[in-house]
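Here, each number is a calculation from the coordinates, and none is a lab measurement. Keep in mind the model is a prediction, meaning the values are calculated, not measured. In this analysis, Cβ positions are derived from the backbone assuming ideal geometry, glycine residues included, and neighbour counts consider all displayed protein chains.
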Amino acid sequence: MSLVVLFGMTAVFAEETQTTAVEGSNAFNINFNLRKLAEALSLSSDQRLIAEDVHKAFAIEMSNAAVAPKDDKRKMVERAVANDIRHMRYVLNQEQFDRYVLLLNTTLENRGLKGR
C-alpha cells in the first residue's frame, strides 16, 4: 500500500508535466508543495524547516540554470541536483532520502531535465 501512496505522491510533485521545449524556463521551475512533501516523507518540524531552506537554494540554482546560456544549462542543472541531494542527505533518514530521490528524479524526468 505504501508503494501505491508513493506513486500517487510522485504524480503530485511531478505535476504531470511533460516538457518538450526544455529550453523554456517553466521546465526549470521546480516548486514542490512542501506541506505534501513533509507528509509524504513523514518529516519532523525541524526537518521540514531545513528542507524548506534547502529547497529554496535548489530553486534559486534552477532559476539560474533557466537563464544560463544553452551550453551551460545541463551542467548547472546537474550541479543544482547534486547540491540538493547532498544537503537533503544530511536532513533525512535513509528511508526518507530514498523516497525524496525517487520524487526528485520523477519530477526531473517529467520536466525533461534528466539525462539532457
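Converting phi to 3J(HN,Hα) with the Karplus coefficients 6.51, -1.76 and 1.60 and the offset θ = phi - 60°, the range 34-48 yields 5, 5, 5, 4, 4, 5, 5, 9, 6, 6, 6, 5, 5, 4, 4 Hz in sequence order, with x at every glycine or proline. Computed from label points 7 Å out along Cα-Cβ, the spacing between N33 and S63 is 2.3 nm. Checking the cross-link pairs K36/K114; K36/K56; K36/K75 against a 18 Å limit on the alpha carbon distance flags K36/K114; K36/K75 as lying beyond it. Note on the range 35-116: Kirkwood radius taken over Cα pairs, Stokes-Einstein applied at 37 °C and 0.692 mPa s, translational D equal to 248 µm² s⁻¹.
Amide H contacts of L113: none lie under 5 Å away among residues 5 or more positions distant or on a separate chain (H built 1.01 Å from N in the peptide plane; Pro and chain starts excluded).
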